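Trainee: This is the structure I have questions about; it appears just below.
The values are calculated or read from the model by the stated rules, or taken from the named source; none is laboratory data. Computed from a predicted model, the values in this text were never measured in an experiment. Here Cβ is always computed from backbone atoms with ideal geometry, including for glycine, and neighbour counts include all displayed protein chains. The protein model used for the area step is the full one, side chains on, heavy atoms only, and it has no ligands, DNA or RNA in it. Shrake-Rupley method; radii C 1.70, N 1.55, O 1.52, S 1.80 Å.
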Amino acid sequence: MARNGQPLQIVFAFFVVLQVCEGERYCKTENCGEEANKHEEYSISQTVIEESLFMISPEDFYYNFLVKHRPFVMRRVARNWPAYTVWTETYLIQSLTEDLQVSVIKGLQNFPFGGESNMPVKEFFSRYSQEDLTLCDEPTMEMLNDIRTPLCAQCHQFMEKMTVKFWFHHRHKKASTSLFFQPDEQLLTVLNGSATVILISPLHSEKLPFDGDELLAISSFDTDTLSSRGIPHLTVDLVKGDMLYIPQMWWQHVTFSTEYNLFVQFLWPSKTSITSGNLQSSTQIRGDHLPSIPASLRNLLRKYEERFLMTDVRPLVCLDQDKRMSEYTFETGKMSPDEYEAIHNGPDFTEEEPCNFDASNLQSPCHFATCFEDPESPICIRYILDYCSHWEDRGCAIELPQLLNKVEKSLMKQITSLKSSYQ
């Protein structure tokens with residue numbers, strides 16, 4: 001489904017901001033502040049991306065890189081995947097079937113959030129070599145059978161909410177994406193081609209320039225000026241078989257080589273559970289102190305990273321090893337409506353599950369009748385959006401990320417165009 005239009009972009013940006021709000025977590029150790037400073041210094045001082053010539057264990061990945069938000073490269077680890085050898089253009093056409101609609105982005109500078117449309121697979125492969133088109137979609141079940149689950153991510157807390165996508169891009173000259181960030185943790189794997197990736201920590205978000213009304217990407221920024229602007233950044237070259245860990249919320253800029261490029265992307269949310277028992281009272285946001293949306297987003301990205309780095313590390317439990325991606329169930333756009341409904345769940349507003357918003361605030365969704373009747377209705381979602389733009393309430397962090405991440409994208413534009421019920 002195309003994501004054109006500023007209203008839809010604002011909703012997605014709001015979802016990212018709410019995920020940032022989830023960074024307000026509790027430190028359980030006495031020296032939490034000291035640990036936060038140590039982690040921040042560790043991140044800022046990183047000048048090169050650590051590399052390994054082999055796949056590492058989930059424990060090594062989790063404790064040494066993921067919880068520290070340190071980018072990491074594993075070289076040539078995908079060369080044993082069936083997809084590494086069998087994913088040719090002919091194979092992709094056969095696997096996807098000619099009439100299947102795939103998500104295509106026109107103009108690599110719009111990748112991954114803009115210029116998106118759907119077209120039949122056959123049409124894409126007849127046009128992509130003459131036009132600047134990038135296929136970015138979920139693999140079919142047949143294609144998932146060709147992908148080995150990365151050993152470093154074979155844990156329930158990674159796989160439970162994981163999304164798998166693949167990128168196909170072919171141009172006769174080098175081309176680059178905008179500078180953008182993803183709200184999820186990710187492993188980017190090269191099956192064919194090569195790329196140069198520039199990464200910038202969210203800690204330095206406020207040093208980056210604004211780009212008009214763009215909220216999630218900076219398309220007009222010249223990355224060659226990063227050093228002269230004093231913006232710390234990391235650069236890594238990827239070749240066939242390499243796998244790069246890109247931490248959640250990190251800015252990234254990808255330059256593709258002048259050949260047939262095929263990438264697989266693993267995405268999953270990085271969350272620490274927050275219980276309603278620890279909720280604080282909501283605080284109203286004063287209108288005269290509200291910054292612009294771009295400035296507010298940059299500020300929240302920095303705060304999210306700071307809070308993430310000071311959060312206590314939770315134990316890692318890994319039960320399943322050595323599986324193919326087809327052995328897992330994913331929430332993808334390729335699901336039937338029945339399959340989607342079977343796993344779809346939004347915020348709970350029932351007597352059995354207490355409202356996670358501030359119940360003492362009469363304007364909170366806890367007191368909005370529509371949210372009890374149908375918490376996933378556009379009217380309820382719009383009310384929550386408006387409430388969370390006026391109040392700092394930890395319920396926004398608990399409920400909205402999962403709600404906006406699961407609701408069908410076709411409803412997003414409808415939600416933003418509704419007349420608000422918030423008073």
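Trainee: Using a 1.4 Å probe and ignoring any ligands, DNA or RNA, find the accessible area of THR97 and quote it in Å² to the nearest 10.
Mentor: Accessible area of THR97: about 70 Å².
Trainee: Restricting attention to the alpha-carbon atoms of the range 121-161, what are Rg (one decimal) and Dmax (integer), both in Å?
Mentor: In Å, with Rg to one decimal and Dmax whole: 15.3, 43.
Trainee: For SER129 and HIS390, calculate 0.36 nm times their separation in residues minus their Cα-Cα distance, and state this gained length in nm to one decimal.
Mentor: Values: separation 261, 0.36 × 261 = 93.96 nm, distance 4.79 nm.
Residue separation times 0.36 nm, minus the Cα-Cα distance, leaves 89.2 nm.
Trainee: Taking the Cβ-Cβ separation of VAL48 and ASN145 as r and a Förster radius of 45 Å, what is the calculated FRET efficiency to the nearest 0.05?
Mentor: Calculated transfer efficiency: 0.80.
Trainee: Rounded to two decimals, what ratio of Rg to Rh does the range 140-238 give with C-alpha atoms and a Kirkwood Rh? Numbers along the way, then the final one.
Mentor: Numbers: Rg = 16.4 Å, Rh = 16.4 Å.
Rg/Rh: 1.00.
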